[in-house]
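This report refers to the structure that appears directly beneath it.
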Protein chains: 2
Amino acid sequence: MMKCVIIAAGKGERLQEKGTSKPLVNFLGLPLIERTIRTAIKAGMNEFFVVTGHEKDPLEGILNKLSEDTGLDIHTIYNPEWENKANGFSVLTVKDKIKEPFLLLMSDHLFDPSIVRNLFSKSNKPDVVLAIDTKINNPMIALDIVTKIKVDNNKITKIGKNLKQYDGFDTGIFYCKPVIFKALEICIKKDKGFLTDAIQYLADKNKVGIFKIKDKFWADINDPESYRKAESEVLKNLNKQQDGIIARYFNRPISLWISKKLSFTNITPNQISIFAFSVACIASLLFAMGSYIPLIIGGILAQISSIIDGCDGEVARLKYQESSYGGWFDAVLDRYADAFLLFGLTWHLYSNSGGNLYLIIGFFAITGSFMLSYTADKYDNLMKIYINTRNIRIGRDMRIFVILLGALLNQVELILIFVAVVMNIEAIRRMIICKNPTTETL
Amino acid sequence: MMKCVIIAAGKGERLQEKGTSKPLVNFLGLPLIERTIRTAIKAGMNEFFVVTGHEKDPLEGILNKLSEDTGLDIHTIYNPEWENKANGFSVLTVKDKIKEPFLLLMSDHLFDPSIVRNLFSKSNKPDVVLAIDTKINNPMIALDIVTKIKVDNNKITKIGKNLKQYDGFDTGIFYCKPVIFKALEICIKKDKGFLTDAIQYLADKNKVGIFKIKDKFWADINDPESYRKAESEVLKNLNKQQDGIIARYFNRPISLWISKKLSFTNITPNQISIFAFSVACIASLLFAMGSYIPLIIGGILAQISSIIDGCDGEVARLKYQESSYGGWFDAVLDRYADAFLLFGLTWHLYSNSGGNLYLIIGFFAITGSFMLSYTADKYDNLMKIYINTRNIRIGRDMRIFVILLGALLNQVELILIFVAVVMNIEAIRRMIICKNPTTETL
């Protein structure tokens, strides 16, 4: 069992416009506290102790539901003195419940789960290890608010908001041994009630290590500005490694904007997949009508469908609703959509000219398009092994974009020939390359 | 390093018709000794000591090549006294080379690699553990030749060819600690030079354990009869769990017969895949010609292609040439073949009648057929998890068989409608079932 303590007692006055209680602030569709807990679960935590204070009841409601959904224990501990006393008192409320090293988090900090995983996997950890951000010029950081850290010989020497000289920033992610409670008690007796005071106390004894997060993402949601910055950072991180060129530079920016809006609704990723599929079906029918105006509208709808098709995965990742089923369901619908679109174009040509040759070209376009998807997994896995640099991947984004261009220019024949030739050649190329892959051939 | 000693010095007079030296006898395309070593490699062995005698030079030639192919050390030790002395002397030749527990095998015994894996994974093994077959009525066994075992309290009490009462048979698979060499030396001094003598010596001291192989395959290739029995057993074991009904009861028996013949040639599995694909292409062209006789021939060729399509995997497994590339390459060609066959049938109808509706039916048949393959992996994995019993799997075997029937009966329209409807419904059913799989729905 890996235990995680989260301080969620404070009020967060600077973020009133987003919600009356900071842990409850809706960030891209989820309350901050849920986001923190789900990230910690991804990092391997499986028992939670959340210290509540301000707006205790709605917070407990959310946590109970989350506990049900995840099947994990999420205990809430009310700190009645949350309003008058410093945050060290909140940490102390869990003292009797935890006898082993634990993860200490703030309810309003977002972070990449790999930070916690890597922090915990270090061996020979001192009493406390604080994950710190050494990017001194990190634009995400509000210098007047952030807690600064001075480091010497990989140990913290000073911690505080007002340090003039510093080596990094406190990310709010702590590995703690239970000795932290003792340190808190000692400091409180001296009337120093903040968590930072206890850290400084232990740092004076050379007992606080650091863990550099390097370029991993973290954010402290303090005010509307940091909220907006974190939002755009989280969205940016949704980009997928295996995106093709069109997806990366054209579809993704638009789909991210849509996903941001969608994240605040109850629309599920699978519903988005079905919607994108439906749009593609309408586009196919418009293609099949055979005249130019429907062709243009169809081309635009096909491209819109391709863009929306990115949103299902984005929303799923944003709201921790990823599932292998979801990805598969989306892929299966995409294959149907591809076939319908190409058949619509084939019918467009065939009904206009009656040329049998178009049927054969259309057949090869549909087949090649399928084969490209059918061979994609194997090929992508090889790509991962053999090359790290990006090269041009002929995928669905490209296919649909070609359809859009062809429709706008009324060059359906060209599209079909292009798809038929390029897709099949690429499929055959993959068959040859995958046999004896080398870094040169890929 | 897991070491394996193989005795391959003897002559094997009873199998002269198959080859002049038993380890060199060609069994389904590979010399027995290569088969033994490759099986042991699959079981986790990675260093080999082969004791040679009769026909030393050709044997060493094969072993050197095998060592190159596998990248593993295969040492050969010549036993100059192989013709006059008992087989215990052969085992003794490796005495100075082995200081840890090892696997001892006969060069003429075939076995399922899981026997060795399970034997080695047992803990607290005594000095020797012999894998024994307790199926007293096993039809594979020649009672006059096999070495019998009497067991008491999970230890061997007696071993010999002439035991009247026995509990099992010696499979020729031994786990040995180096103390076996000591036992051999003691027995040889008493003029008892067989491996069996040393085992009996250790058994008298209650030091020989047993490992029951249960219903796992093993065979001692002694004479033409045991050779033939083992051959048909090995072929039978090539049946695949995920075979559909047509594959299991119609295609497989024929393809196994063909694979048996093919195994003795140099034809590679990929060449077989390409041949099966070519036959399907010819069938498609015959379909597209539009008249009945070519339709019948095409239907038969399609079924032949489907049967041969089983041979690539069978030959690969028979000759230890399996590769993930091979399976993938075969699958990609199958998808092309499926598309061509269905397009051929569509063209058949279309060119006969000019009916546009046939184009749409053909499109859905091709698409549905693709989707069934595209969804197969996910669905099959779920099947493995949720059900153990066999149920009807609508796969490629069924699809091609329907095409054969339709072609023979000149009912192309029916085939296409059937494929279009059934394949798409099945694909949609899979999409629904995979979402919330339960034992009832599958």
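What are the label-to-label distances in nm, one decimal and shortest first, from B:K65 to the same spot in the other copies, with labels 7 Å along Cα to Cβ?
7.0
Could you list which residues have their amide H under 5 Å from that of A:F27, counting only those 5 or more apart in sequence or on another chain, with H placed in the peptide plane?
A:L32
For the pair A:E83 and B:K214, how long in nm is the line joining their label points, each one 7 Å along Cα→Cβ?
A separation of 6.8 nm, rounded to one decimal place.
B:N237 to B:Q411: extension gain in nm, 0.36 nm per residue of separation minus the Cα-Cα distance?
Values: separation 174, 0.36 × 174 = 62.64 nm, distance 3.69 nm.
This chain segment gains 59.0 nm when fully extended.
I want the antiparallel fraction of DSSP beta bridges within the protein assembly as shown, as a percent rounded to 5. Write down the numbers at each step before the final one.
Numbers: 44 of 88 bridges.
If we restrict to bridges inside the protein assembly as shown, about 50 percent are antiparallel.
If you fit an axis through the alpha-carbon atoms of helix B:224-236 and take the longest principal axis of the Cα set of chain B, what angle between them do you get, 0 to 90°, nearest 10?
Roughly 40 degrees between the two axes.
Among DSSP beta bridges lying fully in region A:3-223, give the percent that are antiparallel, nearest 5.
Details: 22 of 44 bridges.
The antiparallel proportion sits near 50 percent.
Counting other beta carbons within 10 Å of each residue's own, what order do A:H109, B:H54 fall into, fewest first? Intermediate results must be reported in sequence, preceding the final value.
On the way: A:H109 21, B:H54 18.
With the fewest neighbours first, A:H109, B:H54 line up as B:H54, A:H109.
Which residue is it, in chain B, that holds its beta carbon closest to the axis of the B-onto-A rotation, and how many whole angstrom away?
Measuring from each Cβ to the axis, the minimum is at B:F370, 2.
Take every residue in peptide A:350-360, count the Cβ atoms of other chains within 10 Å of its Cβ, and give the average of those counts. Show your work: numbers first, answer last.
Values: counts 2, 1, 0, 0, 1, 0, 4, 0, 0, 7, 3.
Rounded to a whole number, the mean comes out at 2.
Take B:K155 and A:N124, extend 7 Å from each Cα along the Cα→Cβ direction, and tell me the distance between the two endpoints in nm.
Calculated label separation equals 4.9 nm.
Please average, across the residues of A:324-337, the number of beta carbons from any other chain that are within 10 Å of each residue's own beta carbon, and give a whole number.
Working: counts 3, 7, 1, 0, 9, 6, 0, 3, 9, 1, 0, 6, 9, 0.
Other-chain Cβ atoms within 10 Å of each residue's Cβ, averaged: 4.
If a/c stays under 1.5 just call it rounded; otherwise compare a/b with b/c (prolate if a/b is bigger, oblate if not). Do that for the protein assembly as shown, with a ≥ b ≥ c from the square roots of the Cα gyration tensor eigenvalues.
Details: a/c = 2.65, a/b = 1.22, b/c = 2.17.
Note, shape of the protein assembly as shown comes out oblate.
So, by mean Cβ neighbours within 10 angstrom, what's the order for A:285-297, B:96-108 with the highest one leading? Write down the numbers at each step before the final one.
Working: A:285-297: 17.5, B:96-108: 19.1.
Put in order of decreasing packing, that is B:96-108, A:285-297.
How would you rank A:I145, A:I33, going from fewest to most other Cβ atoms within 10 Å of each one's own Cβ?
On the way: A:I145 12, A:I33 27.
So the residues, fewest neighbours to most, are A:I145, A:I33.
Given chain A, what percent of its DSSP beta bridges are antiparallel, to the nearest 5?
Details: 22 of 44 bridges.
Counting only bridges with both partners in chain A, antiparallel ones make up about 50 percent.
Simple spin-label model, 7 Å along Cα-to-Cβ: A:M289 to B:T20 in nm?
Result for the modelled spin labels: 8.3 nm.
Output, in nm with one decimal and in ascending order, the distances from the A:K150 label point to the matching label points of the other copies (7 Å from Cα along Cα-to-Cβ).
8.8
Treat the count of other C-beta atoms within 10 Å as a stand-in for reagent exposure and order A:K22, A:K216, A:K207, A:K236 from fewest to most.
Values: A:K22 26, A:K216 15, A:K207 19, A:K236 12.
With the fewest neighbours first, A:K22, A:K216, A:K207, A:K236 line up as A:K236, A:K216, A:K207, A:K22.
log10 I(q)/I(0), Debye, Cα-only chain A, no solvent, q = 0.07, 0.09, 0.12 Å⁻¹?
For chain A at q = 0.07, 0.09, 0.12 Å⁻¹, log10 I(q)/I(0) is -0.47, -0.69, -0.98.
If you build a Gaussian network model of chain B, linking Cα atoms that sit under 10 Å apart, which residue out of B:N46, B:N356, B:N410 swings the most?
The residue that fluctuates most here is B:N356.
Using θ = phi - 60° and the Karplus curve 6.51 cos²θ - 1.76 cosθ + 1.60, what whole-Hz ³J(HN,Hα) does each residue of region B:31-46 get, with Gly and Pro shown as x?
The phi angles translate into x, 3, 5, 5, 4, 4, 5, 5, 5, 5, 4, 4, 7, x, 6, 9 Hz.
What does region B:1-129 give for Rg and for Dmax, in Å, if only its C-alpha atoms count?
My reading of the Cα-based Rg and Dmax gives 14.2, 44 Å.
Which order do the peptides A:63-71, B:131-139, B:367-375 come out in when sorted by mean C-beta neighbours inside 10 angstrom, highest first?
On the way: A:63-71: 14.1, B:131-139: 15.9, B:367-375: 23.1.
Peptide ranking by packing, descending: B:367-375, B:131-139, A:63-71.
Could you work out the helix-only [θ] at 222 nm for chain A, with each DSSP H run of four or more residues adding -39,500 (n - 2.57) and the total divided by the number of residues, to the nearest 500 deg cm²/dmol? Intermediate values should be presented prior to the final figure.
Working: 15 runs with 232 residues, N = 442.
That calculation yields -17500 deg cm²/dmol at 222 nm.
When you look at the Cβ of every residue in A:367-375, what mean number of other chain Cβ atoms sits within 10 Å? Don't skip to the answer; put the middle values down first.
On the way: counts 8, 2, 1, 11, 5, 0, 2, 8, 5.
Partner-chain Cβ atoms within 10 Å, mean over residues of A:367-375: 5.
Round to the nearest 0.05 the FRET efficiency obtained for A:N206 and A:S67 when R0 = 51 Å and r is the Cβ-Cβ distance. If you can, show how the numbers build up before the last one.
Numbers: r = 39 Å, r/R0 = 0.76.
In this case the efficiency is close to 0.85.
Can you list the distances in nanometres, one decimal and ascending, from the B:N237 label point to the identical position in each other copy, with the point 7 Å along Cα to Cβ?
Distances between equivalent label points, in nm: 5.1.
Here, each number is a calculation from the coordinates, and none is a lab measurement. The model shown is predicted, which means the values in this text are computed figures rather than measured ones. Here Cβ is always computed from backbone atoms with ideal geometry, including for glycine, and neighbour counts include all displayed protein chains.
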